[in-house]
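The values are calculated or read from the model by the stated rules, or taken from the named source; none is laboratory data. Not measured: the values here are computed from a predicted model. Because the Cβ atoms are built from the backbone with ideal geometry, glycine has one as well, and the counts that use them run over all protein chains shown. SASA here: full protein model, heavy atoms, side chains in, ligands and nucleic acids out. Shrake-Rupley method; radii C 1.70, N 1.55, O 1.52, S 1.80 Å.
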Amino acid sequence: VSKKTLYKHFRNKGDLVQQCMQRHVSEEKCALESIKGESENAIDALLRTNAHIARQLATLNPAVLHDTQKYYPQTWALFDGYKHEYIYRHVVENLKRGMDEGLYRADLDPDVIGRIYIVRIDLFFDTKLFPPDRYRILNVHSQFMDYHVRGIASPQGVAYLEANGGMKAVLEDFREP
């Protein structure tokens, strides 16, 4: 696409980036709602959500997030709002569902766990903490999710998780050759 054609539809590069992020956030919300509706239980929803996230991470260049945050603060604010509002609510709903189903521990505080979850998302992309030449983002994500689900799961939930291959089974399709 030529620049001339591109600028017929977008005011500038910032507008293009903003609209792309809006579309991405909208598509992600639809995907997560679909996963939630199709899931057998809270842990199944987590497994399916993490497979979806793994597909996203497999093609993500971490520099895109860094550049968006640095050069497009309004677009970053849109993504940050999605994470802190929508993803937070999604996590809290999953926690409450899992507690009701007996798959998660009954003593959890969904608000606190949801906030911890959101803060830890940023750690995946911290290149000082996880230099890309030493850590694959998919492995960091897998380790985090295994840590998360085992920390919140009841004995019944752990049994369900292990009977379904655990978090590592989710990422089987994304292993390096």
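Miscellaneous remarks
- 25 Å Cα-Cα reach of Lys96 towards lysines, excluding residues that sit fewer than 8 places from it in its own chain: Lys29, Lys36, Lys83, Lys168
- Ordering of 106-112, 154-160, 91-97, 3-9 by burial proxy (mean other Cβ atoms within 10 Å per residue, highest first): 91-97, 154-160, 106-112, 3-9
- Cross-link reach list, lysines versus Lys128, counting only Cα pairs under 18 Å and skipping chain neighbours closer than eight places: Lys70
- Annotation: amide H of Tyr104 within the under-5 Å range of Met99, Ser154, sequence separation 5 or more or interchain, hydrogens built in the peptide plane.
- Adding -39500 (n - 2.57) for every DSSP H run of four residues or longer, then dividing by how many residues the chain holds, sets the calculated 222 nm ellipticity at -23000 deg cm²/dmol.
- Taking Cβ atoms as reference points and 13 Å as the exclusive limit, the residues near Ala31 contribute a net charge of +1, counting Lys and Arg as +1 and Asp and Glu as -1.
- Per residue accessible area in Å² of the stretch 29-85, where ligands, DNA and RNA are left out and the probe is 1.4 Å: 54
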